[in-house]
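One structure is given here, and the rest of the page talks about it.
The values are calculated or read from the model by the stated rules, or taken from the named source; none is laboratory data. In this text, all values refer to a predicted model and were calculated from it rather than measured experimentally. Here the Cβ is made from the backbone with ideal geometry for all residues, glycine too, and neighbour counts use every protein chain on show. Note: accessible area is taken over every heavy atom of the protein model, side chains too, but ligands, DNA and RNA are not part of it. Shrake-Rupley method; radii C 1.70, N 1.55, O 1.52, S 1.80 Å.
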Amino acid sequence: MRDFRRLKVWEKAHHLTLSVYRVTAAFPREELYGLTSQLRRSASSVAANIAEGCGRDTDSEFARFLQIAMGSASELQYHILLAHDLKFVSDDDQKLLNDDVVEIKRMLATLIRTIRPAPPRNLKLMADI
């Protein structure tokens, strides 16, 4: 079992979630159960899935939850774009939030590659050498 609070990617995802909550606080009231909720849920899902994966027994289970976190990060990217296009998010906030999501996705990809075992080498090709 891993302590999720020790992972830099979780820390960045948590701070991104806090930023999303701050930005969405200014959204129109009629979006409370729409885009505001979607943005907040997808942002918190990234950090939550990293944390949940840390509580699993195997590296393959951990990697599966990191992959789910990656999907939530992609969903968040779309919601940020939509909120920007609807003029709910400024150009500056959209850039900052999106840059953070891209960095988190890169970190997740690196972590996934690190904990997944390398694919087996093709023994037939090795025999030809």
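Would you point out the residue of the range 31-50, among those that are modelled with pLDDT of 95 or more and open to solvent by 40 Å² or more (accessible area, probe 1.4 Å), that is nearest to LEU111 (Cα to Cα)? Per the stated criteria, the residue is ALA48. Here is a check on your reading of the model: is ASP3 modelled with pLDDT under 95, within 30 Å of ILE115 (Cβ to Cβ) and surrounded by fewer than 15 Cβ atoms within 10 Å (Cβ to Cβ)? Yes, satisfied. The residues listed here are LYS95, LYS8, LYS87, LYS12; of these, the one that is among the charged types (D, E, K, R) and surrounded by 16 or more Cβ atoms within 10 Å (Cβ to Cβ) is LYS12.
Residues of the range 1-26 being touching a Cys at 6+ places or on another chain (Cβ under 9 Å) and assigned to a loop (DSSP other than H, G, I, E, B), which ones? Once the filter is applied, which keeps residues that are touching a Cys at 6+ places or on another chain (Cβ under 9 Å) and assigned to a loop (DSSP other than H, G, I, E, B), the range 1-26 yields MET1, ARG2, ASP3, LEU7. Answer yes or no as to whether SER74 is open to solvent by 40 Å² or more (accessible area, probe 1.4 Å), out of contact with any helix residue (DSSP H, G or I) (no Cβ under 6 Å at 6 or more places or on another chain), of a type in the set (Gly, Ala, Ser) and assigned to a helix (DSSP H, G or I). In short, yes. Sub-9 Å Cβ pairs linking a first residue in the range 83-102 that is within 21 Å of SER45 (Cα to Cα) to a second residue that is of a type in the set (Ser, Thr, Tyr) and part of a helix (DSSP H, G or I), at least 6 apart or interchain, are ALA83/THR24; ALA83/THR36; VAL89/THR24; ASP93/SER19; LEU96/SER19; LEU97/SER19; ASP100/SER19; VAL101/SER74, ordered by first then second residue.
For the range 27-41, state whether one or more residues are in a loop (DSSP other than H, G, I, E, B), among the aromatic types (Phe, Trp, Tyr), touching a residue at least 60 places away in the same chain (Cβ under 8 Å) and touching a helix residue (DSSP H, G or I) at 6+ places or on another chain (Cβ under 7 Å). Yes, that holds for at least one residue. Assigned to a helix (DSSP H, G or I) and open to solvent by 50 Å² or more (accessible area, probe 1.4 Å): does that describe ARG56? Against the criterion (assigned to a helix (DSSP H, G or I) and open to solvent by 50 Å² or more (accessible area, probe 1.4 Å)), ARG56 does not qualify.
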